[in-house]
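In what follows, a single structure is set out as structure tokens and then discussed.
Every read-out reported here was derived from the displayed coordinates using simple, explicitly stated rules and does not represent laboratory data. Only a predicted model underlies this, so the values are computations on that prediction, with no experimental measurement involved. Counting neighbours? That spans all protein chains shown, and the Cβs are built from the backbone with ideal geometry, glycine included.
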Amino acid sequence: MIAPSNALNFSGGPGALPESVLRQTQQAIISVPEVGLSVLGISHRSDWFAAVVAEVEANIRRLLGLGTDSHVLLLQGGATQQFSMVPMTLLRGKAQAADYLHTGYWSGKALPEARREGPVRVVWSGEAEGFRRLPGDDELHFSPDAPYLHYISNETVEGLQFHRIPGRDDVPRICDMSSDFLSRPCEADRFALIYAHAQKNIGPAGVTVVVVKDQLLQDNPADLPGFLDYRTHVAAHSNFNTPPVFAIYVVLLVTRWLQAEVGGLEAMAAINRAKAALLYGALDGSDGFYRGRTAVADRSLMNVAFNLPTPELDRQFLEEARLAGLSGLGGHRAIGGIRASIYNALTLQAVERLVGFMADFRQRR
Ligand SMILES: *Cc1c(COP(=O)(O)O)cnc(C)c1O
């Protein structure tokens, strides 16, 4: 048996982080070089932490090319809290329904939270077809007077990713990018609000990045709890109560890595495309032994979900993969099967190892 390694961790989330980030994190747990204290014991009111928050924000602004009309916030509560915060802010008391796309497991989790706050119209649902494809533009009839459109750019469980931006430019577009944030350029300017927790692509669990246009926060309900009001966090520079200092520090290291080592989001996207092409090529070239779950046009570059001819073979595949040192390949508990998550930190070499294992496994059947 080969021991598991971070380099071959295909976990759906929390996901693998770059080797150089892990080494710096290890060092920072003992002592942050420029401070001399452990990152776990530095005050969130220190000048050092204010500089960390400012640099994370600046790095995300630079990577996404954001203008001065938007705020970058570092919040808690995960993507799940955004399922509520968005409709609390924008749907409460409204007569017009918000438009929602129901494209998979996670967008399905956003729906009931929105319905608690106001009327919701599901523009399209893939549920009856088992979430195996995304809608075409001809199937999407958006409402011009919806308070907003909500959708998920990458359905992490099923492995479906939008390779275009749906919706009308005159209706606020809100997107959960938790599992593909900073994996490619995203035309951030066309979104009124983007949210993404860190633990799939850009850090450990505990912090959620929100990029929100100032215009969206003009006439929010006055009676929101302070903690659940975006304006509170804008005013406090993401330091309203004790933030997750450690998680935010690791996100800082990841954004530095993206800029200095990877070379920005175009370069990251090229690497991610090459990894996905290799893996999907292995599925397509297997004479139907490895069966992709999703329509070819909507394949995710982040989560590659597939099945073998029988559940028993799925089980054997996972067992032998584990013995070969490959981790995290079990599909989400909602659908089973195999899922290889190839987030930013997974290298092309790791995907080559997986593809080599897949060829070998198939040959031995
Ligand atoms: C994992 C995931 C979530 C859930 O995030 P939490 O941080 O656990 O609340 C929501 N949306 C997407 C797209 C996800 O991949």
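Remarks
- Peptides 211-220, 53-62, ordered by how many other C-beta atoms sit within 10 Å of their residues on average, highest first, read 53-62, 211-220.
- Between MET1 and THR310, the simple label model (points 7 Å from Cα in the Cβ direction) yields a spacing of 2.5 nm.
- Within the chain, the whole DSSP H helices whose Cα atoms reach 20 Å or more along their own axis and whose mean Kyte-Doolittle score is at least -0.5 are 47-64, 265-284, 348-363.
- At q = 0.08, 0.14, 0.15, 0.16 Å⁻¹ the log10 of I(q)/I(0) for the stretch 22-261 amounts to -0.31, -0.91, -1.03, -1.15, computed by Debye summation with a single uniform scatterer per C-alpha, solvent ignored.
- Protection proxy ranking for 265-272, 173-180, 139-146, 72-79, using the average of other Cβ atoms within 10 Å per residue and placing the highest first: 173-180, 72-79, 265-272, 139-146.
- Rounded to the nearest 20 debye, the dipole size of the chain about its Cα centre is 700 debye, using +1 on the Cβ of Lys and Arg and -1 on the Cβ of Asp and Glu.
- Antiparallel content of DSSP bridges confined to the chain, in %, to 5: 60 percent
- Proximal charge balance of HIS332 [Cβ under 9 Å; K/R count +1, D/E count -1]: +1
- The stretch 22-261, relative contact order in percent, only Cα pairs under 8 angstrom and at least six apart counted: 24 percent
- Number of Lys-Lys pairs in the chain with C-alpha atoms under 28 Å apart and a separation of 8 or more places or on different chains: 6.
- Burial ranking of peptide ranges 1-10, 157-166 (average Cβ count within 10 Å, highest at the top): 157-166, 1-10
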